[in-house]
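The values are calculated or read from the model by the stated rules, or taken from the named source; none is laboratory data. All values reported here derive from a predicted model rather than from experimental measurement. Cβ sites come from the backbone with ideal geometry, for glycine too, and all protein chains shown count toward neighbours.
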Amino acid sequence: MINDLRFRIWEFRFCIVSCFLILVFMLSCNQPKTSDSNKFTNYFRQGELLYTKHCSNCHQADGSGLGRLYPPLKQSDYMNENFEQVLCLMRNGIQGELTVNGVQYNQAMPGVPTLTDLEIAEITTYIYNVWDNERGLVDVKEAERILNTCGRE
Ligand code: HEC
């Protein structure tokens, strides 16, 4: 009888401990997701600030560009097709003929050579996720890898 009771208590404890472990396991599985989305939000917010400071004069806050002078970033086929080039042109600028959504542009865009790899990753995360774009986070490591290849096509 006593033995039986002890066994029950033991069984009960075992159950509590295993429930607790399962809970911890589930929480820890969720962890990376939350920190990933925090990281995305940080990049996106910083990117928006940097975009306002360095880019929106020409491309406008809503990304629509300015007539035949400055091409749009909003729904730009150029941006979809030339992802790596876009990171490079932020730092190094670009000139010569360039076509966006069937319209030709030919003005020099000055680069911002002081932008760090992280800042470029943040601006990229911003412009590739606002205005109906949904590329997701562009991490600083990915930006660094791409920026190291600029001018080496
Ligand atoms: C002084 C005005 C100016 C500023 C500031 C500027 N751009 Fe540009 N941008 C241009 C022009 C002009 C072109 C087209 C270049 C050409 O004709 O070769 C261009 C082209 C582009 C393109 C490729 C074409 C497209 O529309 O998809 C992207 C992407 C771009 N700029 C992003 C940026 C980002 C991001 C910044 C801020 C870091 C920035 N630009 C700052 C003027 C500017």
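Numerical summary
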quantity: Criterion violated by Gly111 - all others in (1) surrounded by 15 or more Cβ atoms within 10 Å (Cβ to Cβ); (2) of a type in the set (Gly, Ala, Ser); (3) touching a strand residue (DSSP E or B) at 6+ places or on another chain (Cβ under 7 Å) satisfied; calculated: (3)
quantity: Candidate set: the stretch 50-61, residues that are farther than 21 Å from Leu137 by Cβ and outside any helix (DSSP H, G or I); chosen: the one nearest to the ligand (Cβ to nearest atom); calculated: Gln60
quantity: Test: residue in the stretch 34-42 that is surrounded by 11 or more Cβ atoms within 10 Å (Cβ to Cβ), within 16 Å of the ligand (Cβ to nearest atom), among the hydroxyl-bearing types (Ser, Thr, Tyr) and at pLDDT 95 or above; calculated: no
quantity: Subset of the stretch 87-119 (residues that are assigned to a strand (DSSP E or B) and near the ligand (Cβ under 7 Å from one of its atoms)); calculated: Ile94, Leu98, Val100, Tyr105, Met109
quantity: Members of the stretch 62-73 that are more than 9 Å from the ligand (Cβ to nearest atom) and in contact with a Phe, Trp or Tyr (Cβ under 8 Å, 6 or more places away or on another chain); calculated: Asp62, Arg68
quantity: Near pairs, Cβ below 7 angstrom, 6+ apart or cross-chain, from the stretch 120-137 (more than 14 Å from Lys74 (Cα to Cα) and touching a residue at least 40 places away in the same chain (Cβ under 8 Å)) to any residue that is aliphatic (A, V, I, L, M) and outside any helix (DSSP H, G or I); calculated: Ala121/Val138
quantity: Pairs with Cβ under 8 Å, 6+ apart, first in the stretch 51-76 and of a type in the set (Lys, Arg), second near the ligand (Cβ under 9 Å from one of its atoms); calculated: Arg68/Tyr105; Lys74/Gly63; Lys74/Gly65
quantity: Flag if Leu137 is surrounded by 13 or more Cβ atoms within 10 Å (Cβ to Cβ), part of a loop (DSSP other than H, G, I, E, B) and near the ligand (Cβ under 9 Å from one of its atoms); calculated: no
quantity: Enumeration of residues in the stretch 74-86 that are more than 8 Å from the ligand (Cβ to nearest atom) and assigned to a loop (DSSP other than H, G, I, E, B); calculated: Lys74, Gln75
